[in-house]
1. Looking at the stretch 1-126, send over the antiparallel percent of its DSSP beta bridges, to the nearest 5.
2. Using only alpha carbon positions, build the gyration tensor of the stretch 62-138, then give the equivalent ellipsoid semi-axes as the square roots of 5 times its eigenvalues, largest first, whole angstrom.
3. With θ set to phi - 60°, apply the Karplus curve 6.51 cos²θ - 1.76 cosθ + 1.60 along the stretch 39-48 and write out the HN-Hα couplings as whole Hz, x wherever there is a Gly or Pro.
4. Answer rounded, prolate or oblate for the chain, using the Cα gyration tensor with square roots of eigenvalues a ≥ b ≥ c: rounded when a/c is under 1.5, else prolate when a/b is larger than b/c, else oblate.
5. Given the DSSP H assignment, sum -39500 (n - 2.57) over each helix run of at least 4 residues in the chain and divide by its residue total; what's the result at 222 nm in deg cm²/dmol, nearest 500?
6. Accessible area per residue, 1.4 Å probe, Å², for the stretch 4-143: what's the number?
7. Which value, in Å² and to the nearest 10, is the accessible area of Y139 when all protein chains are kept and the probe is 1.4 Å?
8. Give me the net charge for the shell around P119: Cβ to Cβ below 14 angstrom, other residues only, Lys and Arg +1, Asp and Glu -1.
Amino acid sequence: VSNGVAASFDDRDLDTPALTIYNGIDAAAFNEEVRAADGDGICEELGATGDTLVLTVGRCIGVKRQVDLIEAVDRLANRVDEPAVHVAIVGDGPECSALQATVDDRGLGDYVSVLGRVPHGDIHRYYAAADLYAQVSLYEGSR
């Protein structure tokens, strides 16, 4: 996904050279779609009206560390009565049910929503509604 990742394969004894295939998303067009999207109603749908909405979008796998956001909200909720924050985790993957179980086990349903996959046409609404974006991955493909 980047020249940096391709270069990381140079030191390996491979018969096939690495080929860079760049991200297929037109960032400028995506930004325009977010600006044009109507994020109104998202907080209400999440039960987070008046809260700071923190969004994270990514496949629900261990390396993406969405569980760290849940743990941060848990720590905050243990220090502040009714923190005015809500984390929306958007993405599908094998860790979705474990993330939801963590939210349920810790009683954080008022502060964290594990949404799973949302329709492609709706994702812009979540970005438009978000006050903050959090990316807590241990590793991403781009450097």
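1. Around 0 percent of the beta bridges assigned by DSSP in the stretch 1-126 are antiparallel ones.
2. Square roots of five times the eigenvalues give 20, 15, 11 Å.
3. For the stretch 39-48, the Karplus-derived couplings read x, 4, x, 4, 4, 5, 4, 8, x, 10 Hz, x marking Gly and Pro.
4. It comes out oblate by the Cα gyration axes.
5. After summing the helix terms and dividing by the residues of the chain, the value is -10000 deg cm²/dmol.
6. 63 Å²
7. Rounded to the nearest 10, that gives 120 Å².
8. Once positives and negatives cancel, what remains is -2.
The values are calculated or read from the model by the stated rules, or taken from the named source; none is laboratory data. What you see is a predicted model; the values in this text were computed from it and never measured. Because the Cβ atoms are built from the backbone with ideal geometry, glycine has one as well, and the counts that use them run over all protein chains shown. Areas reflect the complete protein model, heavy atoms only, side chains present, ligands, DNA and RNA absent. Shrake-Rupley method; radii C 1.70, N 1.55, O 1.52, S 1.80 Å.
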